[in-house]
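Contents: one structure, followed by commentary.
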Amino acid sequence: MLQNFLLCVGSVVPSAIYLTIGIILKLCHVVTDEDVKKFTHVVFVALYPFIMFDNLYGKNIAENFNLKLGSYALGFTLFQLIASWFFVKAIEKDNYERGAMIQGMYRSNYVLMGFPIAISLFGKGNVTAVAVIMMLVVPFYNASAVVVFERFRGGKVKIGHIAKRILTNPIIDGGIAALVVMMLEITLPVPVQNAVGALSDSTSPIALILLGAALNLEAFSSDRRKIALCVAAKLVVFPALGIIGAVLLGFRDVPLIALTLMVATPVALASYAMASSMGGNGRLAGELVVVSTLAACFTIPVWLFILKTMGMF
């Protein structure tokens, strides 16, 4: 049991170290908020496509994905959105707060924290299921978040705008590129494969360091009750429901951990920018990112430990 516990904690330690480095860099004024914003955008545009491409290229997608896995991933994400929507509407009357709270309950930082933890557990090249699920839920996160904020600021949902956000997402573009290359049976030269692998490997450490630097650890001004409710839903309630459902449906090993990380990772960093730019409470959204990210360093190992002890992976 102790060995299982150390394995699960160890899978999160690298991410925690990267986050800590970012926090220290920010506290020592090595980087500014403007630096973090600029380089986060650079990483998103220039490196995210490679992490997706590298984890799909040359893999047998059919062995890592099936209709049952994809349906559950999308179905449960939709359930999270609907449940969050009705719960928040019942307890919060201010539309300015609602969008940030709903997004904070269902939108996960699956890319930044899901991939490195899965790789730590199973090794690079063995987590294609994580990449496949990511190609499904990331577009859903983007599209649904636009709908949420437009609804609560009284705007109209524009299908063309949503489609553009999906098609221009570097993560999706990287996945599409990998699928096209495999469909055309193109074999990349070894030096190109090595370069793609190196860029993919560098993505998570750099992105997590920037995430740590982006965390604002100043005193919170928002309602701590709202933060507590959202974080509890994001890291405890929904993971419990999602994991139990996945286990009952027979998911095990990499597919089960892929689904676990989908529901158990903290609030997506992009939720702050989304809330700020679409008339929601950006400050609350940012605080949810901070609290959930720090708390997830403790809750994720617990979920993994439970599953490992039960022999699920």
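The values are calculated or read from the model by the stated rules, or taken from the named source; none is laboratory data. On a predicted model such as this, the values are computed, not experimentally measured, just so you know. Because the Cβ atoms are built from the backbone with ideal geometry, glycine has one as well, and the counts that use them run over all protein chains shown.
Just one of the listed residues (LYS93, LYS89, LYS38) is closer than 27 Å to ASP201 by Cα and either of a type in the set (D, E, K, R) or assigned to a helix (DSSP H, G or I) (or both), namely LYS38.
Pairing residues of the stretch 131-144 that are closer than 12 Å to TYR72 by Cβ with residues that are part of a helix (DSSP H, G or I) and of a type in the set (Val, Ile, Thr), at Cβ distances under 9 Å and at least 6 apart in sequence or on separate chains, gives LEU136/THR77; VAL137/THR77.
Within the stretch 301-311, one or more residues are at positive phi, without any contact (Cβ under 8 Å) to a residue 12 or more places away in the chain, surrounded by fewer than 18 Cβ atoms within 10 Å (Cβ to Cβ) and not hydrophobic (A, V, I, L, M, F, W, C).
If I ask for residues that are touching a helix residue (DSSP H, G or I) at 6+ places or on another chain (Cβ under 6 Å) and part of a helix (DSSP H, G or I), which ones from the stretch 45-65 would you list? Answer for the stretch 45-65, where residues must be touching a helix residue (DSSP H, G or I) at 6+ places or on another chain (Cβ under 6 Å) and part of a helix (DSSP H, G or I): VAL45, TYR48, PRO49, PHE50, ILE51, MET52, PHE53, ASP54, ASN55, LEU56, ASN64.
Residues in the stretch 152-176 that are of a type in the set (D, E, K, R), in a helix (DSSP H, G or I) and in contact with a Phe, Trp or Tyr (Cβ under 9 Å, 6 or more places away or on another chain): 1 in all. Residues of the stretch 264-273 include at least one that is within 12 Å of MET113 (Cβ to Cβ), modelled with pLDDT under 95 and not β-branched (Val, Ile, Thr).
Taking the stretch 104-116 on its own, how many of its residues are part of a helix (DSSP H, G or I) and either of a type in the set (S, T, N, Q) or at pLDDT 95 or above (or both)? Please lay out each step first, then the result.
From the stretch 104-116, those part of a helix (DSSP H, G or I) are 104-106, 110-116; that's our starting set.
Pick out the ones that are also either of a type in the set (S, T, N, Q) or at pLDDT 95 or above (or both) and you get 104-106.
Of the residues in that region, 3 qualify.
Within the stretch 268-299, being closer than 22 Å to PHE140 by Cα and either in contact with a strand residue (DSSP E or B) (Cβ under 7 Å, 6 or more places away or on another chain) or among the aromatic types (Phe, Trp, Tyr) (or both) holds for ALA268, TYR272, LEU288, VAL289, SER292.
Tell me which residues, restricted to the stretch 178-220, are in a loop (DSSP other than H, G, I, E, B) and hydrophobic (A, V, I, L, M, F, W, C). Spell out the reasoning first.
Taking the stretch 178-220 first, the residues in a loop (DSSP other than H, G, I, E, B) are 184-189, 215-220.
LEU184, ILE186, LEU188, LEU215, LEU217, ALA219, PHE220, listed by residue number.
Filtering GLY155, GLY125 for residues that are closer than 28 Å to ILE82 by Cα and surrounded by fewer than 24 Cβ atoms within 10 Å (Cβ to Cβ) leaves a single hit, GLY155.
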